[in-house]
Ligand code: UFG
């Protein structure tokens with residue numbers, strides 16, 4: 001197994017995964033339609049990895065274009081990132097999400113079946129758990145009705161993959177990815193006003209936003225703010241490489257879901273305090289009302305990842321928040 005098609009390979013998680021693939025002697029073949037990233041990421045990836053990369057500007061819903069790539073390269077496995085991921089936007093524009101995320105997956109799987117490619121790692125999310133009955137949440141927990149059309153596309157995506165018996169699938173349910181590559185050459189690219197906590201923190205620290213609002217302080221948690229399991233994107237990228245090894249070593253596998261988190265929950269205030277301490281910065285923030293649709297607390301039982309993939313998170317919250325800030329600083333010069 002060598003040639004790995006990486007859909008959405010120039011995006012936030014995709015780009016970090018490309019780096020880890022090359023480190024582990026895989027050959028990534030990237031497709032990305034640049035809908036939520038920019039072409040400069042390709043050059044930066046080539047600079048980090050010191051290699052020339054195969055890249056195609058292709059929409060995941062374009063079957064004939066996908067077929068051309070599968071004809072040109074002997075694809076051994078696919079890592080499928082290409083999808084829309086903004087929770088709020090998905091509520092406003094549900095069809096945009098159903099069309100891109102579901103049609104994109106169907107088109108990809110149809111092409112894989114035609115070219116007899118069965119190995120796939122799917123980009124799923126802890127959002128499939130909805131508000132879990134308890135945390136840490138494990139993979140056997142019932143998936144409740146998702147809070148958004150985005151979350152539903154991940155649930156439906158997993159159902160489709162499970163129904164396609166020709167596949168050997170590992171579906172990775174990510175918790176909250178943050179941080180950036182230590183080179184500060186790649187990270188999460190801001191697109192307008194950030195929805196997510198850490199990009200909002202770094203932009204506030206950089207003076208791009210005036211103030212961070214903490215969404216609610218009356219939750220049933222230790223300081224009243226929501227709890228999440230934040231995971232370093234470099235650790236997350238590594239989980240994809242380990243998922244490929246699992247697929248290789250378990251050719252009879254059909255469908256396996258695996259949580260990718262640290263197993264530790266942190267409140268919003270703990271994130272703010274750690275960011276301030278690690279980076280020696282005072283952050284302008286205040287407490288505001290709850291954000292509709294937010295889950296109160298969720299963190300991973302990550303023991304299955306250790307058992308099945310031999311994977312566990314290596315990087316702690318300090319490293320996550322230091323790298324996020326370094327990336328924000330580096331962005332000024334990009
Ligand atoms: N938060 C604030 N202020 C902000 C932004 C966020 O207090 O300005 C709080 C939220 O209320 C939440 C926590 O910070 O308690 C984390 O919020 P994020 O928006 O960063 O992430 P979510 O936990 O809401 O997760 C969502 C989706 C996931 C998706 C993830 C990353 O539910 O499926 O964003 O895109 F993976």
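What follows is calculated from the coordinates using simple rules that are stated; it is not laboratory data. This structure is a prediction, so every number in the text was calculated from the model and none was measured. Quick reminder, even Gly has a Cβ in these numbers, built from the backbone with ideal geometry, and neighbours come from all protein chains shown.
The table below gives the values:
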| item | result |
| --- | --- |
| Calculated P(r) of region 1-157 - Cα pairs past 27 Å, % | 27 percent |
| Crossing angle, helix 104-114 versus the chain [Cα axis fit, 0-90 degrees, rounded to tens] | 20 degrees |
| Sum of -39500 (n - 2.57) over DSSP H runs of 4+, divided by residues of the chain (222 nm, nearest 500) | -11000 deg cm²/dmol |
| Relative contact order computed over region 130-206 (Cα-Cα under 8 Å; 6+ residues apart), in percent | 13 percent |
| Shape call, region 19-65: gyration tensor on alpha carbons, a/c limit 1.5 | oblate |
| Rounded tilt (10° steps) of 63-72 against the dominant C-alpha axis of the chain | 70 degrees |
| Approximate spin-label separation residue 145-residue 312, in nm, with each point projected 7 Å along Cα-to-Cβ | 3.8 nm |
| Where labels lie 7 Å past Cα in the beta-carbon direction, separation of residue 116 and residue 1 in nm | 1.8 nm |
| Principal axes of the chain: Cα extent on each, largest first, Å | 54, 45, 38 |
| Residue exposure sequence - 173, 2 - by fewest surrounding Cβ within 10 Å | 2, 173 |
| From the C-alpha gyration tensor of region 212-334, square roots of 5λ in Å | 31, 20, 12 |
| Helix 149-163 vs. the chain, principal-axis angle (Cα, 0 to 90°, nearest 10) | 30 degrees |
| Compactness relative to 2.2 N^0.38 Å, alpha carbon Rg of region 109-206 | 1.34 |
| Mean-position separation - Cα centroids, region 289-334 and region 127-161, in angstrom | 19 Å |
| Geometric extent, Cα atoms of region 1-83 - Rg, Dmax (angstrom) | 11.6, 32 |
| Point-to-point label distance, residue 220-residue 24, nm (Cα→Cβ direction, 7 Å offset) | 3.9 nm |
| 18 Å tail of the calculated P(r), region 70-160, as % of Cα pairs | 50 percent |
